1. Do we find that A72 is farther than 15 Å from L152 by Cα and not basic (K, R) in this structure?
2. Limited to region 151-171, what total is found for residues that are aliphatic (A, V, I, L, M) and either within 15 Å of the chain's Cα centre (by Cα) or exposed (fewer than 15 other Cβ atoms within 10 Å of the Cβ) (or both)?
3. Name the single residue that is surrounded by the fewest Cβ atoms within 10 Å (Cβ to Cβ) among those in region 6-30 being among the aliphatic types (A, V, I, L, M), more than 23 Å from A132 (Cβ to Cβ) and in contact (Cβ under 8 Å) with a residue 12 or more places away in the chain.
4. Please find, among A159, A132, A166, A146, the residue that is in contact with a Gly (Cβ under 7 Å, 6 or more places away or on another chain) and touching a residue at least 12 places away in the same chain (Cβ under 8 Å).
5. When region 1-30 is examined, which residues are found to be hydrophobic (A, V, I, L, M, F, W, C) and over 20 Å from R64 (Cβ atoms)?
6. Where residues in region 125-170 are assigned to a helix (DSSP H, G or I) and of a type in the set (S, T, N, Q), which of them is nearest to R83 (Cα to Cα)?
Amino acid sequence: MDQQQEEAAIRAAQADPQRFAPLYEAYFSAIFRFIHRRIGQQDLTNDLTQQTFLKAMLALSNFRSRGLPFRAWLYRIALNELRMHWRKKKEISMDLEWAQLEPLAEECGVAQQEAEMRMITDGLQHLNEDQARLIELRYFDELSFAELGHVLGLGEDAAKMRTHRALGQLRAYLKPRA
């Protein structure tokens, strides 16, 4: 869905909530994968994804683009749903496939072989929750720095700076130890 189609779909859904379906269909897969990677349970992922879209539909009249894609707003709602779930459960997890690690491995200058990829997943566990979330959203969900800032309630420059700091910590962990 291009920007003009998205804006038209948003206006239509704001006028009539029954016209929310094109937005749901356009972003369901991305939001589902985002939640599933962090939860790992199909039924719970379905529930949280549906809750995300329900909240988005109910709050759509308050949505203002501010130059960012609609998906950034959906990611923010999904992240809030995950936070509420984690607060209740007091746990955080992430289920990654090797293919998802390739852009991060390239950014860190790490060979894309199993041992090195395993080191990246270990390194992600050593980051604090906020740093890991920055890396996940940037490299696994492919959000721009502007979108990343919106999702996390930061400015674009702050999102970029914090992401680079988190990458620095990850690179330091990945350096060979003497």
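1. Numbers: farther than 15 Å from L152 by Cα: no; not basic (K, R): yes.
No, not satisfied.
2. Initial filter on region 151-171 (aliphatic (A, V, I, L, M)): 151-152, 154, 158-159, 161, 166-167, 170.
Retained after the next criterion (residues that are either within 15 Å of the chain's Cα centre (by Cα) or exposed (fewer than 15 other Cβ atoms within 10 Å of the Cβ) (or both)): 151-152, 154, 158-159, 161.
Qualifying residue count, region 151-171: 6.
3. To start, the set of residues in region 6-30 that are among the aliphatic types (A, V, I, L, M) comprises 8-10, 12-13, 15, 21, 23, 26, 30.
Cutting the leftovers down to more than 23 Å from A132 (Cβ to Cβ) gives us 8-10, 12-13, 15, 21, 23, 26.
From what's left, in contact (Cβ under 8 Å) with a residue 12 or more places away in the chain: 9-10, 13, 23, 26.
On the way: A9: 20, I10: 20, A13: 22, L23: 22, A26: 16.
Across region 6-30, the extreme among qualifying residues is A26.
4. Values: A132 fails: in contact with a Gly (Cβ under 7 Å, 6 or more places away or on another chain); A166 fails: in contact with a Gly (Cβ under 7 Å, 6 or more places away or on another chain); A146 fails: in contact with a Gly (Cβ under 7 Å, 6 or more places away or on another chain).
So the residue among A159, A132, A166, A146 that is in contact with a Gly (Cβ under 7 Å, 6 or more places away or on another chain) and touching a residue at least 12 places away in the same chain (Cβ under 8 Å) is A159.
5. Initial filter on region 1-30 (hydrophobic (A, V, I, L, M, F, W, C)): 1, 8-10, 12-13, 15, 20-21, 23, 26, 28, 30.
Correct list: A21, F28, A30.
6. Within region 125-170, the subset assigned to a helix (DSSP H, G or I) is 125-126, 129-140, 145-152, 156-170.
Cutting the leftovers down to of a type in the set (S, T, N, Q) gives us 125, 131, 163, 169.
Values: Q125: 18, Q131: 15, T163: 20, Q169: 24 Å.
Looking at residues that are assigned to a helix (DSSP H, G or I) and of a type in the set (S, T, N, Q), I get Q131.
For every residue, the table says whether it meets (1) farther than 15 Å from Y75 by Cβ; (2) surrounded by 19 or more Cβ atoms within 10 Å (Cβ to Cβ).
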{"residue": "R118", "(1), (2)": "yes, no"}
{"residue": "G123", "(1), (2)": "yes, yes"}
{"residue": "L143", "(1), (2)": "no, yes"}
{"residue": "G149", "(1), (2)": "no, yes"}
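Here is a yes/no grid of residues against (1) touching a Ser or Thr at 6+ places or on another chain (Cβ under 8 Å); (2) aromatic (F, W, Y); (3) within 25 Å of R133 (Cα to Cα):
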| residue | (1), (2), (3) |
| --- | --- |
| Q4 | no, no, no |
| F32 | yes, yes, yes |
| T45 | no, no, yes |
| N62 | no, no, no |
| N80 | no, no, yes |
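Quick note: the coordinates plus some simple rules give every number you see, no bench work behind them. Values in this document were obtained by computation on a predicted structure and should not be read as measured data. Heads up, the Cβs are rebuilt from the backbone with ideal geometry, glycines too, and the neighbour counts pull from every protein chain shown.
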